[in-house]
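Read the figures in this text as sums done on the coordinates, not as results from a lab. Values in this document were obtained by computation on a predicted structure and should not be read as measured data. Neighbour counts are summed over all protein chains in view; Cβ atoms, including those assigned to glycine, are modelled from backbone coordinates with ideal geometry.
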Amino acid sequence: MPEYVYIILLSLLAGAAMPVGALLARLDVMHPAFLRQKSRQFMVAFGGGALISAVALVLVPDGASKLSPLTAALCFGAGGVFFYLLDMLLNQLKSSAGQLVAMLSDFIPEAIALGAAFAVGESTGLILALLMVLQNLPEGFNAYEELENSAKLAPNKILMAFASLALAGPVSALTGYFVLAESHQFVAGLMLFASAGILYLVFQDIAPESKAKNSGFPALGAVAGFMLGLVGNMLIVPA
């Protein structure tokens with residue numbers, strides 16, 4: 001099987017986690033007993049743990065290894081400022097798509113990095129695909145609930161929109177594979193830019209939503225999400 005077909009399948013799998021998460025949220029809305037509050041908070045925190053593992057184990061190490069400290073800091077700082085300004089703009093516009101935009105803002109750069117990693121023979125492509133699945137599932141869940149509560153859209157239309165967004169994965173991954181594979185510094189900067197956005201998202205949205213009174217169960221979800229990313233990284237990436 002040609003490598004680019006493998007990349008398409010991996011990125012589609014990662015993108016498909018978004019509509020699957022949205023479908024779980026739809027079931028939760030239709031049947032409130034489907035998920036208990038603590039289980040919902042565990043899922044949200046699990047996604048946060050997976051996001052942080054993507055930053056700590058793949059995006060930042062790979063990105064920083066190809067750039068000078070000053071360039072790395074500028075790319076990372078620019079990502080943080082961009083996501084802050086984007087968040088402020090969405091709040092000012094009272095947009096219901098905050099989680100959705102945030103989800104795509106880290107999914108697309110990660111998919112590009114996935115394609116570029118395969119193009120240059122790096123072993124981080126597989127673990128990045130795994131981490132994208134782990135983070136997109138709870139992100140899809142959260143984004144659907146936000147849209148369901150605030151947007152005047154039919155549930156089926158929201159689910160169809162999420163399914164169509166999954167196609168952004170193969171498009172971005174193939175762009176990284178065929179177009180940006182030799183642009184090592186650009187892809188590295190993009191990875192650091194996305195890393196800052198992920199950290200902003202975790203502390204601004206995910207961590208507050210997963211907080212539970214008198215219970216550390218959701219926090220264990222964050223530990224579990226990171227642990228799964230750690231084990232996957234150790235199994236796939238040679239020491």
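The table that follows gives values for the structure above.
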| read-out | value |
| --- | --- |
| Filter on LYS94/LYS211; LYS66/LYS211; LYS66/LYS157; LYS157/LYS213; LYS38/LYS94 - keep pairs with C-alpha separation over 32 Å | LYS66/LYS211; LYS66/LYS157; LYS157/LYS213 |
| Calculated SAXS-style log₁₀ I(q)/I(0) at q = 0.09, 0.15 Å⁻¹ - the chain, Debye, Cα scatterers | -0.35, -1.01 |
| Span-like helix ranges in the chain, DSSP H, alpha carbon extent 30 angstrom or more, Kyte mean at least 0.0 | 3-30, 69-92, 98-119, 124-150 |
| Trypsin sites (Lys or Arg not before Pro) restricted to the range 143-239 and DSSP loop, no more than 13 other C-beta within 10 Å | LYS152, LYS211, LYS213 |
| Prolate/oblate/rounded call for the range 1-138, Cα gyration tensor, a/c under 1.5 rounded | oblate |
| Share of alpha-carbon pairs per 5 Å distance bin for the range 75-212, given as whole % | 2, 10, 18, 21, 20, 15, 9, 4, 1, 0 |
